[in-house]
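So the structure is just underneath, and the comments pick up after that.
The values are calculated or read from the model by the stated rules, or taken from the named source; none is laboratory data. Predicted model only: the values in this text are computed from it and were never measured. All Cβ positions, glycine included, derive from the backbone under ideal geometry; neighbour counts span all protein chains shown. Accessible surface areas use protein heavy atoms only, side chains included; no ligands, DNA or RNA. Shrake-Rupley method; radii C 1.70, N 1.55, O 1.52, S 1.80 Å.
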Amino acid sequence: FQSARKDKPIVRVNCAALPDDLIESELFGYEKGAFTGAAARKPGKFETADGGSIFLDEIGDLPPLTQTKILRVLENRTFDRLGGTAPLQVDVRIIAATNKDLEKEVKKGRFREDLFYRLNVIPIVLPPLRKRKEDIPLLIDAFCIKFNDQLGTKVRFSTEAKGALVNYSFPGNVRELLNIVERCLALSDSGIVQPADLPAH
């Protein structure tokens, strides 16, 4: 909100959710006829985010060739659409996240060292949820607001239900908590989630 990009788009990409053969066309776009089924020109996520930010979630799952192309965007601010002949210029801030230890991935040869150092300008290391249990009640309240708005409900978690979740180890981290809250709100018939309403595990 404080940056000059505050009114520009924030484009989100889940790198782990895209197959290797589609990720480049999603990120960089393609020209008509670039491959079978490319009936028209399609701008990619970088082009859509021009002037704003692109959030690359699970960047540790990118294939090596795509890592090379993202490095080019970082270094030259240019990329090519698939099937394109002229490079396109973009001004994009890259925000990247991963649940992998990228330093270990670099040592194992699975992540480019030069890309790691280009991305690692302002690192924010967030411990797993089980190591910051004081955040759990706050996240529950925030997720309740979100899902109550979506569902048109007014369900809340009891103190006891929050306590049970604080004592859980959350191997699935924040996404697991998000799913639990959504499930409990969708299935609640009393308006208050009790420990008995939580998943058995």
>> Just checking, does region 62-81 include any residue being on the phi < 0 side of the Ramachandran plot, touching a Cys at 6+ places or on another chain (Cβ under 6 Å) and in contact (Cβ under 8 Å) with a residue 40 or more places away in the chain?
In response: yes
>> Under 7 Å between Cβ atoms, which residue pairs at least 6 apart in sequence (or on different chains) link something in region 172-201 that is in contact (Cβ under 8 Å) with a residue 12 or more places away in the chain and over 29 Å from Ala97 (Cα atoms) with a partner that is assigned to a loop (DSSP other than H, G, I, E, B) and open to solvent by 40 Å² or more (accessible area, probe 1.4 Å)?
In response: Gly191/Lys154
> Of Gln194, Gln89, which residue is touching a Ser or Thr at 6+ places or on another chain (Cβ under 7 Å), among the polar types (S, T, N, Q) and more than 30 Å from Arg5 (Cβ to Cβ)?
Replying inline: Gln194
> Can you name the residue in region 180-189 that is open to solvent by 80 Å² or more (accessible area, probe 1.4 Å) and either of a type in the set (A, V, I, L, M, F, W, C) or in a loop (DSSP other than H, G, I, E, B) (or both) and is also modelled with the lowest pLDDT among such residues?
Replying inline: Asp189
> When residues of region 149-166 are filtered for being touching a residue at least 12 places away in the same chain (Cβ under 8 Å), surrounded by fewer than 14 Cβ atoms within 10 Å (Cβ to Cβ) and assigned to a loop (DSSP other than H, G, I, E, B), how many remain?
Replying inline: 1
>> For region 117-130, check the following and say yes or no: at least one residue is in contact with a helix residue (DSSP H, G or I) (Cβ under 6 Å, 6 or more places away or on another chain), part of a helix (DSSP H, G or I) and under 30 Å from Arg93 (Cβ atoms).
In response: yes
> Can you tell which of Phe170, Phe143 is under 27 Å from Pro9 (Cβ atoms), surrounded by 11 or more Cβ atoms within 10 Å (Cβ to Cβ), of a type in the set (A, V, I, L, M, F, W, C) and out of contact with any strand residue (DSSP E or B) (no Cβ under 7 Å at 6 or more places or on another chain)?
Replying inline: Phe143
> Restricting the search to region 110-128, which residues are aromatic (Phe, Trp, Tyr) and either over 27 Å from Val174 (Cα atoms) or touching an Asp or Glu at 6+ places or on another chain (Cβ under 6 Å) (or both)?
Replying inline: Phe111
>> For the structure I just gave you, tell me whether Phe116 is farther than 21 Å from Leu56 by Cβ, touching a residue at least 12 places away in the same chain (Cβ under 8 Å) and within 20 Å of the chain's Cα centre (by Cα).
In response: no
